[in-house]
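Asks: Just dropping this structure here.
The values are calculated or read from the model by the stated rules, or taken from the named source; none is laboratory data. Since we're looking at a predicted model, the values are computed, not measured. Every residue, glycine among them, receives a Cβ derived from its backbone with ideal geometry; neighbour counts consider all protein chains shown. Areas reflect the complete protein model, heavy atoms only, side chains present, ligands, DNA and RNA absent. Shrake-Rupley method; radii C 1.70, N 1.55, O 1.52, S 1.80 Å.
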Amino acid sequence: MDTPLVFIKPSMDHIDEIASFRCEMLESGGPFHGVNGLQVYENLCEWIEYCQRLEDPENLPPDRVLAEQFMLVREGERRILGMANVRHELNDYLREYSGHIGYGVRTSERNQGYAKAMLSMCLARCAELGIDQVLVTCTTNNDYSRKTILAHGGVFERTAREGEKVTERYWITVS
């Protein structure tokens, strides 16, 4: 029987695994999707604190929205397979380019269905939050993410251009 996949939130208890995930992603050249800027944090304690602040409406950083950061692991294990971010609301930038959900799979764990599992889990969280129309995006050259979005009922709306980056926008209805 396969070990169930679960989301856990970043904490000091997992700092070594976060460091390992970050190092692997940096060495592979990324991409860093759904990680709340992990790539720019040398001090991982600061990143964990930042993620926690995004969940606190009283302590929310300027120009940010309430959001939850998740790490995908096999139940009972510590290795981070991927990361995902669920945004409770959208600001102007997120509304145009990023959407409600960001997710990324660890380089060495790709092509094993983890992106689909994470998107399913994120959509379930959106439903719990009362978000019934979920915006999910991917760059035009990310065939794997597009397939994942379409597998979850994503309906293409349009593309959005940010400099050289072209993003495809999809809406998924959850209930």
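Asks: Any idea how far apart Arg158 and Asn142 come out in nm if each label point goes 7 Å out from Cα toward Cβ?
Replies: Label-label distance for Arg158 and Asn142, simple model: 2.1 nm.
Asks: Further question: Does the chain classify as rounded, prolate or oblate by the C-alpha gyration tensor (a ≥ b ≥ c root eigenvalues; a/c under 1.5 gives rounded; else a/b over b/c gives prolate, otherwise oblate)?
Replies: Verdict is rounded for the chain.
Asks: Now for a different question. Which distance in nm do the two modelled labels at Ile8 and Arg110 give, with both placed 7 Å along the Cα-to-Cβ direction?
Replies: Distance between label points: 2.5 nm.
Asks: In addition: Can you compute the charge dipole magnitude of the range 95-134 about its Cα centre, using +1 on each Lys and Arg Cβ and -1 on each Asp and Glu Cβ, nothing else charged? Give it in debye, rounded to the nearest 20.
Replies: Rounded to the nearest 20 debye, it is 180 debye.
Asks: To continue, here is another question. Report Rg (one decimal) and Dmax (nearest whole number) for the range 1-52, counting Cα atoms only, units Å.
Replies: 12.0, 38
Asks: Now for a separate question. Determine, for each peptide in 131-143, 4-16, the mean count of other beta carbons within 10 angstrom over its residues, then list the peptides with the highest first.
Replies: Those peptides, ordered most packed to least, come out 131-143, 4-16.
Asks: How high is the relative contact order of the chain, in percent, counting Cα pairs under 8 Å that sit 6 or more residues apart?
Replies: 18 percent
Asks: Further question: Lysines near Lys9 by alpha-carbon distance under 28 Å, same-chain residues fewer than 8 away left out - which ones?
Replies: Filter leaves Lys116, Lys147.
Asks: Okay, next question. Tell me the per residue accessible area of the range 21-133 using a 1.4 Å probe; a whole number in Å² is fine.
Replies: 48 Å²
Asks: Putting +1 on Lys and Arg Cβ atoms and -1 on Asp and Glu Cβ atoms, find which of Leu60, Gly113, Leu26 reaches farthest to the positive end of the dipole of the chain.
Replies: In the chain, that residue is Gly113.
Asks: If you average over every viewing direction, what projected area does the convex hull of the Cα atoms of the range 41-104 give, in nm²?
Replies: Value for the range 41-104: 5.2 nm².
Asks: Here's another thing I want to ask about it. Summing -39500 (n - 2.57) over the DSSP H runs of n ≥ 4 in the chain and dividing by its residue number, what mean residue ellipticity at 222 nm do you reach, to the nearest 500 deg cm²/dmol?
Replies: Result for the chain, helices only: -8500 deg cm²/dmol.
Asks: Using alpha carbon coordinates only, what is the Rg to Rh ratio of the range 72-175, with Rh defined as the Kirkwood radius?
Replies: Looking at the range 72-175, the ratio lands at 0.96.
Asks: With +1 on each Lys and Arg Cβ and -1 on each Asp and Glu Cβ, and nothing else charged, work out how big the dipole of the chain is about its Cα centre, in Debye to the nearest 20.
Replies: With only Lys, Arg, Asp and Glu charged at Cβ, the dipole is about 620 debye.
Asks: Using the beta-carbon distance between Cys23 and Leu66 and R0 = 25 Å, what value does 1/(1 + (r/R0)^6) give for FRET efficiency, to the nearest 0.05?
Replies: My answer for the efficiency is 0.30.
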